[in-house]
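Asker: Sharing a structure with you now.
We did not get these values from a lab; they are worked out from the coordinates using the rules stated. Remember, predicted model here, so these are calculated numbers, not experimental data.
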């Protein structure tokens, strides 16, 4: 559904806003005003049915969705995920038979191998995206279910859930598992592990939960707020909880208590800092070896690119996936983000919709660059037979992981409303 942009507020704008597909289904009466968190457009927002979504009439961002699950169903999903986690994390995901010995690879085993070989920071990156974020999701949902019964504060949990989705990477880890299996297939026979079913079930449940987790609806359910009796044009949008109102007497959002400003504070400075740091880190990430393999005592080092070339010799489609995730995506993110930041400084007014689409694309694809680290973690737990045949992580892995995380943060810190401040597009 596209909603109606209003230059001056009216209680019931006419005509009624049409649905996105142009049909004339009945739409409930427009009952509240809203500012778009991506372009700051001011419009009247209708109440939505469960199968409807509302898009900004100016930048086409999705500003509201009627699709959500009740907290009881979310808590049930959390319990199911909690039951699956011990099996998904500790049981073998894939197994190989190497030199007459069966070797199992679990998620925890890969993280432990990285830590044991002297890379605790890199191990923590893998652990957070594959174990920490899912556990945080589960306990956050359980907290939201039980805490209201004893009057506990829910704001920190709701604020965290708002930003947790992009750090959940079980689906990317599954792709990494397939790539790792193909890489070690030249050394040994690969078999499916007993924990793979639990991991697949956990991944599917987590994806369903994230799809139906509507944090805006949770905010409204737990912290309904009335707007002050002032002119609606003075309303601001809180980027933390997406509540449109005026600041309280301490300059905070009246719902989540985060400082409410016209624009995100030091957005450009933080995005530039993260972008420049990621560019610097990408040089050692691509020039230094990311993996080292020993075969009969002979040491072979692979950079990201040489590893892709060796993978292409056996399986071009898989090599293409790794190339896109490990080289094309980081370079695209850096290039696009540099152009977006530069356009803000130059006060560019052209191609604003194209720039918004590019921002949304790099926001979505950025997490897939973690694929390489997941492949290395699994391969290390599979191929580690001392000097006869061993696989270890190279120094580039830390730089690469840090660069990926910094690019994700750079996009997250960029206040896209700054791109609209010099345009007259309605």
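Asker: Based on the alpha carbon coordinates of the chain, what radius of gyration and maximum Cα-Cα distance (Dmax) apply, in Å?
Answerer: For the chain, the Cα radius of gyration and maximum Cα-Cα distance read 24.1, 78 Å.
Asker: If I take every Cα pair under 8 Å that is 6 or more residues apart in the chain, average their sequence separation and divide by the length, what percent do I get for the relative contact order?
Answerer: 19
Asker: Specify the inter-centroid distance of region 282-317 and region 119-147, based on alpha-carbon positions, in whole Å.
Answerer: 31
Asker: Starting from a Cα-only point model with no solvent, please compute log10 I(q)/I(0) by Debye for region 314-406 at q = 0.17, 0.21, 0.24 1/Å.
Answerer: -0.83, -1.06, -1.21
Asker: Right, here's the next one. What residue among 67, 50, 261 shows peak mean-square fluctuation when the chain is described by a Gaussian network model with Cα springs under 10 Å?
Answerer: 50
Asker: Per DSSP H run of at least 4 residues, take -39500 (n - 2.57); add these up for the chain, divide by its residues and hand me the 222 nm value, nearest 500 deg cm²/dmol.
Answerer: Rounded to the nearest 500, the figure is -15000 deg cm²/dmol.
Asker: Tell me, how many Å apart are the Cα centres for region 396-426 and for region 77-109?
Answerer: Between the Cα centre of region 396-426 and that of region 77-109, the gap is 35 Å.
Asker: In the calculated pair distance distribution of region 110-195, what percentage of Cα-Cα distances lie above 20 Å?
Answerer: Everything past 20 Å amounts to 54 percent.
Asker: Does anyone have the angle between helix 155-164 and the longest principal axis of the chain? Alpha-carbon axes, 0 to 90°, nearest 10?
Answerer: The angle comes out near 60 degrees.
Asker: Compute the acute angle (0 to 90°) between the alpha-carbon long axis of helix 170-184 and the principal axis of greatest extent of the alpha-carbon atoms of the chain; round to the nearest 10°.
Answerer: It is inclined by approximately 20 degrees.
Asker: Going by alpha carbons, how many degrees (0 to 90, nearest 10) lie between the helix axis of 267-287 and the longest principal axis of the chain?
Answerer: 20
Asker: Using a Gaussian network model of the chain with C-alpha springs under 10 Å, which one of 404, 336, 295 is most mobile by mean-square fluctuation?
Answerer: 295
Asker: Under a GNM of the chain (C-alpha, springs under 10 Å), which listed residue has the highest mean-square fluctuation: 152, 356, 125?
Answerer: Comparing 152, 356, 125 in a Gaussian network model of the chain, the most mobile one is 152.
Asker: Please figure out what share of the DSSP beta bridges in the chain is antiparallel and state it in percent, rounded to the nearest 5.
Answerer: Just about 95 percent of them are antiparallel.
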